[in-house]
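Enquirer: Dumping the structure here so I can ask a few things about it.
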Amino acid sequence: MKRLMTASSLIIAVDGPAASGKGTLSRRLAQYYGLAYLDTGVLYRGVGWLMLTQNLDPRDEEQAAMTAQAFTLAAVADADIRTPDVGRAASLVAAQPQVRAALLAYQRDFAANPPGGVRGAVLDGRDIGTVICPDALVKFFITASPEERARRRYKDHRAKDASITLDTTLEDIKRRDARDGGRETAPMRAAEDAELIDTTTLDADAVFARACRYIDKSLKVEDA
Ligand code: CDP
């Protein structure tokens, strides 16, 4: 594990669309730099999953707000939240301002007081660099073409569900991109000071190497 030279806390914000590779990158960065990791998608997926299992409509704003306000990670610890249906429900609840407000404090608190006494955190999501941690020292926006992202998602999902096709996966990804980028509250977008990485033709090692170079450069500037 790499030792860091700066004394201040290190927050790394990683945003981007579905299946862009931001989760893989974030986990590796957290391990390499000795930071805590929060996949904020779990919060929205968790709220979406709770609503689906209670037969509630994820579009129902009152019920979604109540579910988000009562939400704990323990409630979804054993749930299968990585399904296309839960992804869709997550994106529906995530467009609602009251849901986002209810989940905001947990994310900011995680960044300010990362568990395990470590000196910082990596958070990945859609609005980390813009809304949750606008002062993060390092911000990334990870993208890839919709077709490439659909191929990656399809590979992950087809083993679990034979009814999934590449076409429906691509449609789903495009619909989710449009909803996440077009919503009024905290739309998915790159912060002005985010480093953009397009992973369409890069493997995970190449993305990681590029991100580390950028972080090390940013830390040197901070030290100077
Ligand atoms: O893994 P994938 O990229 O498909 O999605 P995720 O990160 O698990 O997030 C699922 C959904 O939650 C997204 O489509 C967004 O609608 C929402 N989300 C959000 O709005 N803000 C975040 N910080 C994280 C997720």
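Enquirer: Ignoring any ligand, DNA or RNA, what whole percent of the accessible area of segment 35-194 comes from carbon and sulfur when the probe is 1.4 angstrom?
Expert: 50
Enquirer: Can you give the extra length, in nm with one decimal, that the chain gains between A101 and E147 once fully stretched, where that is 0.36 nm per residue apart less the Cα-Cα distance?
Expert: Extra length available between A101 and E147 comes to 13.3 nm.
Enquirer: Which whole-Hz ³J(HN,Hα) couplings does segment 201-210 yield from phi under the Karplus relation 6.51 cos²θ - 1.76 cosθ + 1.60, θ = phi - 60°, glycine and proline marked x?
Expert: 10, 10, 8, 4, 5, 5, 5, 4, 4, 5
Enquirer: How much net charge surrounds T200 when only the other residues with a Cβ under 12 Å from the Cβ of T200 are counted, with Lys and Arg +1 and Asp and Glu -1? Can you show the working numbers first?
Expert: Values: positive: R149, R151, R152; negative: E147, E148, D198, D203.
Counting the neighbours of T200, the net charge comes to -1.
Enquirer: Which residue fluctuates most in the GNM of the chain (Cα springs below 10 Å): P97, P17, P58?
Expert: P97
Enquirer: Along segment 185-193, what does the Karplus equation 6.51 cos²θ - 1.76 cosθ + 1.60 (θ = phi - 60°) give for ³J(HN,Hα), rounded to whole Hz, x for Gly and Pro?
Expert: 8, 6, x, 5, 7, 6, 5, 4, 9
Enquirer: Which log10 I(q)/I(0) values does the chain give at q = 0.17, 0.18 Å⁻¹ under the Debye formula, counting every alpha carbon as one identical point scatterer?
Expert: Cα-only, vacuum Debye calculation for the chain: -1.27, -1.40.
Enquirer: For the chain, find the longest principal axis of its Cα atoms and tell me its angle to the long axis of helix 166-182, 0 to 90°, nearest 10.
Expert: 70
Enquirer: Hey, can you rank 44-53, 123-132, 101-110 by average C-beta count inside 10 Å, highest first?
Expert: Most protected by this proxy first, the peptides run 123-132, 44-53, 101-110.
Enquirer: Cα extents of segment 1-131 along the three principal axes, largest first, in whole Å?
Expert: 50, 28, 25
Enquirer: Using amide H atoms built 1.01 Å from N in the peptide plane, name the residues 5+ places from I12, or on other chains, whose amide H lies under 5 Å from its own.
Expert: For I12, whose amide H was placed from the backbone, the distant partners under 5 Å are A121, V122, L123.
Enquirer: Something else: Treating the beta-carbon of each Lys and Arg as +1 and of each Asp and Glu as -1, no other charges, what is the dipole magnitude of segment 46-162 about its Cα centre, to the nearest 20 debye? Present the calculation step by step, with values, prior to reporting the outcome.
Expert: Numbers: 15 positive and 15 negative charges, 105 e Å.
Charge dipole of segment 46-162: 500 debye, to the nearest 20.
Enquirer: Which one, A211, A162, A191, is farthest towards the positive end of the dipole of segment 101-224 when Lys and Arg carry +1 and Asp and Glu -1 on their Cβ?
Expert: In segment 101-224, that residue is A162.
Enquirer: May I pose another question? What whole-number value in Å² describes the accessible area per residue of the chain for a 1.4 Å probe?
Expert: Values: 11290 Å² over 224 residues.
Result: 50 Å² of accessible area for each residue.
The values are calculated or read from the model by the stated rules, or taken from the named source; none is laboratory data. Small disclaimer: the values here were computed from a predicted structure and weren't measured. Methodologically, a virtual Cβ is constructed for each residue, glycine included, from the backbone with ideal geometry; neighbour enumeration extends over all protein chains shown. Remember, those area values only see protein heavy atoms, side chains included, never the ligands or the DNA or RNA. Shrake-Rupley method; radii C 1.70, N 1.55, O 1.52, S 1.80 Å.
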